[in-house]
Each structure stands twice: as structure tokens, then as C-alpha cells.
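Below is one structure, written out as C-alpha cells; comments come after it.
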Amino acid sequence: MTRMAISNIIRTATIEDAPLISRTLARAFDNDPMMRWFFPDDASREAELSRYFTTIFTRQYVHHGVCEHTGTAAAFWVSPEAQDKAVPDATTVQELQNILGDRAPLFRKTVEAAAGCAPEEPHWSLAVVGAEPAAQGQGHGAALLRSGLAKADAAGLPAYLESSTPSNLPFYQHFGFTVREELQLPEDGPVLWTMWREPRRPADA
């Protein structure tokens, strides 16, 4: 695959960026084990993922999260103050169920299982981060991760994330995350790792 050399300057995402954000994340998550479990049809996965990310971006995270992007990567963070608001409302849930079709029950069970692992203490949560395959390895995801972690560190708060891709764990560990829990998702789903990072002083970052 041709590698893309695009600036990794970080910009705040707005609602007008929805087509770019959804396209970027659909490509980024095409090989994600959990997303392949939710969207098993290779032919339709990218279109379904694009609808999925459009929905959660435009209805949740652009309003209640910190959404940033580069030319070919995007990340959604949620501060502790916004986490109650970032939960999808009934209309959003229905839209997601329509996109997921007969996989919707698996999605609901997964959300419930993951919610049971979520930490109760105040923290910054990394909801989504991904880079297009052709741009991976060029520092886009790392730049977005550093940006969010700087906000958490400035507030003196820990950070939390979930990942179903084993190869991503060393990447997150490089930034100070440690595995908190290993969760086997229901009905022979993939493993979901929850990860935690204590805040750092600026000199330690």
C-alpha cells in the first residue's frame, strides 16, 4: 500500500469535518477485531463503519468530547466533566442499532460488559483514536495521543482506554499505559483490554 506523507498538525474537529472524520476512522478500524465482529461483511464494512463513526461523532463526541484530527487520523477524548453527557441518547442508540442490524444485541452486550470495567474515579477517557492504514507509522496517532494526555496531565488526572487489538498494546504502553483488565467479550467475541495511565508531571511526560 502506498504510504501517505501528510502533515500531522493537530486541528480541532468541527461538525463540518464529519465526512473526513468518518472516512478516516472507517479505514483505520477496518482490521480492528471488535469492529470486524460487529461488521463481519467485508464488502459492506467500510460503508457501515463510516455510518457508525458519523453517528457517534455528530451526535455525541463533537458536542461533549475533545475531538482532534490530522489529515489522516482522528481521536475523541472525553473529560471527566463531560462523561455523563457523552453517553448516547435514545435516538443515537436507535441509529446505531439500525446500522448494526442483527449484530445490535452483541453491541449492547459489549457496551454493558465494558461499562462494568470503567473506572469510577475522575479520569480522561480516550474513546477513539485511529489513523488511515497508508499513514500509519508516521506519528499521526502518537501526536493525537500526546495532545490528549497533555490535557489529562495538566489537570493532574489519569487516562483510560479500551482496545481489542493486541498489537496496539505496546504502542499505548510506550505512552505510560498499563493493562488494567482483560475482558473476554460475550458470545465468543474478541478480547478487550482496558488500560490505565497515571498522570505525569510535565517534566516526566
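The values are calculated or read from the model by the stated rules, or taken from the named source; none is laboratory data. The model shown is predicted, which means the values in this text are computed figures rather than measured ones. Cβ coordinates were reconstructed from backbone atoms using ideal geometry, including for glycine residues, and neighbour counts include every protein chain displayed. These area figures cover heavy atoms from the full protein model, side chains too; ligands, DNA and RNA do not enter into them. Shrake-Rupley method; radii C 1.70, N 1.55, O 1.52, S 1.80 Å.
Coupling constants for the stretch 101-111 follow from the phi torsions by the Karplus curve (6.51 cos²θ - 1.76 cosθ + 1.60, θ = phi - 60°), and in residue order they are x, 6, 8, 4, x, 5, 4, 4, 5, 5, 4 Hz; glycine and proline get x.
The residues of the chain have, on average, 49 Å² of accessible surface per residue, using a 1.4 Å probe with all protein chains present.
Dipole size of the stretch 42-93 about its Cα centre, with +1 on Lys/Arg Cβ and -1 on Asp/Glu Cβ: approximately 80 debye, rounded to the nearest 20. Structural descriptor for the stretch 1-81: relative contact order 41 percent, calculated from alpha carbon pairs under 8 angstrom and at least 6 residues apart. Annotation: amide H-H contacts under 5 Å for Val66 (H modelled 1.01 Å from N, sequence separation of 5 or more, or interchain): Trp77, Val78, Ser79. Residues in the stretch 29-46 carry Karplus couplings, in order, of 9, 4, 9, 5, x, 5, 5, 5, 6, 6, 10, x, 7, 4, 5, 10, 4, 4 Hz; the curve used is 6.51 cos²θ - 1.76 cosθ + 1.60 with θ = phi - 60°, and Gly or Pro positions show x. Sites count as exposed loop sites when they are GluC sites (Glu not before Pro), lie in a DSSP loop, and have at most 10 other Cβ atoms within 10 angstrom; the longest stretch of the chain without one is 1-119.
Taking a sphere under 15 Å around the Cβ of Thr165 and counting the other residues whose Cβ falls inside, with K and R at +1 and D and E at -1, yields a net charge of -2. Its relative contact order, with pairs defined as Cα atoms under 8 Å and 6+ residues apart, puts the stretch 66-205 at 25 percent.
Nearest 500 deg cm²/dmol is fine: what mean residue ellipticity at 222 nm does the chain get from its DSSP H runs of n ≥ 4 alone, each adding -39,500 (n - 2.57), divided by its residue count? Don't jump to the answer; show the numbers that get you there.
On the way: 7 runs with 73 residues, N = 205.
Mean residue ellipticity at 222 nm (helix-derived): -10500 deg cm²/dmol.
In this label model, Ile9 and Gln184 are separated by 5.0 nm, measuring between points 7 Å along each Cα→Cβ vector.
Expressed as a whole number of Å, what is the distance separating the alpha-carbon centroids of the stretch 37-85 and the stretch 91-160? Answer, in whole Å: 8. On the chain, 51 percent of the accessible area sits on carbon and sulfur atoms, based on a 1.4 Å probe.
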